[in-house]
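I'd like to ask you about the structure that follows.
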Amino acid sequence: MLEQYLPFLGLLVFGNIENLILSSQGVVNGVDPKVLGGLSILIVIIWFVLGTVLTDLAIQYADAINFIGGLAIFILGIQAIYEAVKHMKSKGSA
């Protein structure tokens, strides 16, 4: 049963890591952690349901989905690092 999800394993792992990074950015920017946590859990549940329901349909596009998802995770990671460095520099000069 789990074999059908193996092509998407990288997105599962790195997507969840990216979710944590984006959540930490929200906390740094002053978003209420309870609201942010609730929204994060909601999005994870939605993606879980979509992934479970649509895996059979999406498996034929696994390579494209992995590429696009990986690129999105990479871009969001670069953005998170850029914002964190910018935030640290502004705190250091204050």
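Determine the pairs where a residue that is under 15 Å from Asn19 (Cβ atoms), located within region 47-76, has a partner that is open to solvent by 80 Å² or more (accessible area, probe 1.4 Å) and at pLDDT below 80 with Cβ atoms under 6 Å apart, the partner being 6 or more residues away or on another chain.
Correct list of pairs: Ile73/Phe14.
Only residues that are at pLDDT 80 or above, outside any helix (DSSP H, G or I) and not β-branched (Val, Ile, Thr): list them for region 23-66, please.
Gly30, Asp32 - these are the residues of region 23-66 that are at pLDDT 80 or above, outside any helix (DSSP H, G or I) and not β-branched (Val, Ile, Thr).
Shifting gears a bit: Restricting attention to region 18-46, report how many residues are among the β-branched types (Val, Ile, Thr) and touching a residue at least 40 places away in the same chain (Cβ under 8 Å).
Keep residues of region 18-46 that are among the β-branched types (Val, Ile, Thr), which gives 21, 27-28, 31, 35, 41, 43-46.
The next check asks that each one be touching a residue at least 40 places away in the same chain (Cβ under 8 Å); those that pass are 21, 28.
Total satisfying the criteria: 2.
Of all residues in region 38-80 being within 14 Å of the chain's Cα centre (by Cα) and open to solvent by 100 Å² or more (accessible area, probe 1.4 Å), which is nearest to Pro7 (Cα to Cα)?
The selected residue is Ile68.
The values are calculated or read from the model by the stated rules, or taken from the named source; none is laboratory data. Computed from a predicted model, the values in this text were never measured in an experiment. Note: ideal-geometry Cβ built from the backbone for every residue, glycine included; neighbour counts use all protein chains shown. Please note that ligands, DNA and RNA were not included when accessible areas were found on the heavy atoms of the full protein model with its side chains. Shrake-Rupley method; radii C 1.70, N 1.55, O 1.52, S 1.80 Å.
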